[in-house]
Amino acid sequence: MTTIAGITVSLDGFITGPDDRPGQGLGVGGERLHYWVFGGPWTYSGEHDFGGMSGEDKVFYDALVARIGSGIVGRGMYDAAGAWGGHNPFPGTLLVLTHRTADPHDDGFVFVDDLGEALRLAREAAGGKAVSIGGGADVIRQALAAGEVDELCLSTAPVVLGAGKPLFDGSLRLDVEPLEVHRSRWATHVRYAVLREGA
């Protein structure tokens, strides 16, 4: 079963701008990372939904989502997104990796405190399809370090944020091989195979 880690980064490697928090989940200026998701500029205070996605962004996204049967995200992403209004926006079961598993949460989300257990449950729930690891950065790094990621999908937005949360922190050494590239005004999406030792 394939496990896919996917996230959007700036040119300088950040997945958020500074001061990311609920209500401002991508931090100051970080909404520019997801212009591709909403089809252009948006603000935290304005209306925005996936309906604006088009062109190569939509081709990339639709093909990726069609492969996914369940997913894993970290508690930071869950909180910063406001739990997506209490509705899982992704295919299948969404497991949230958190040390506070007893906290109240809506149906459609499963709280788990161990990455190995989250992967086991996600794989059971995926129905033979791929498992997605959608962030944040710490969860993706943990999964990569554990050798549990088969594909890394990076959407690189054409912005330099200067500060925020970095995807990589110098703790990993990886070799990857490009599999597919999609490019739009708002992002360059690359699917990479994560190469194993001796591969």
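Numerical summary
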{"read-out": "Filter result (within 22 Å of E31 (Cα to Cα) and of a type in the set (A, V, I, L, M, F, W, C)) within segment 88-119", "value": "F90"}
{"read-out": "Pair list, Cβ under 8 Å, 6 or more apart: segment 75-94 residue touching a residue at least 24 places away in the same chain (Cβ under 8 Å) and over 14 Å from D106 (Cβ atoms), other residue in a loop (DSSP other than H, G, I, E, B) and of a type in the set (A, V, I, L, M, F, W, C)", "value": "A80/L26; G92/A126"}
{"read-out": "Candidates D150, D169, D138, filtered to the one that is over 15 Å from the mean Cα position of the chain (by Cα) and acidic (D, E)", "value": "D169"}
{"read-out": "Single match in V139, V176, V190 (criterion: among the aliphatic types (A, V, I, L, M) and buried (at least 20 other Cβ atoms within 10 Å of the Cβ))", "value": "V139"}
{"read-out": "Meets criteria (among the hydrophobic types (A, V, I, L, M, F, W, C), buried (at least 20 other Cβ atoms within 10 Å of the Cβ) and under 23 Å from Y78 (Cβ atoms)) for A157", "value": "yes"}
{"read-out": "Condition check for G85: surrounded by 18 or more Cβ atoms within 10 Å (Cβ to Cβ), closer than 25 Å to E31 by Cα and small (G, A, S)", "value": "no"}
{"read-out": "Residue match in segment 34-42 (condition: in contact with a helix residue (DSSP H, G or I) (Cβ under 6 Å, 6 or more places away or on another chain), surrounded by 14 or more Cβ atoms within 10 Å (Cβ to Cβ), in contact (Cβ under 8 Å) with a residue 40 or more places away in the chain and of a type in the set (S, T, Y))", "value": "no"}
{"read-out": "Residue in segment 64-76 that is under 21 Å from W186 (Cα atoms) and not basic (K, R) present", "value": "yes"}
{"read-out": "Hits in segment 13-30 (condition: crowded, with 21+ Cβ neighbours inside 10 Å, of a type outside the set (G, A, S) and touching a Pro at 6+ places or on another chain (Cβ under 8 Å))", "value": "F14, I15"}
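Throughout, read-outs are computed from the coordinates displayed, never taken from laboratory work. What you see is a predicted model; the values in this text were computed from it and never measured. So basically every Cβ, Gly included, is an ideal-geometry build from the backbone, and we count neighbours across all protein chains shown.
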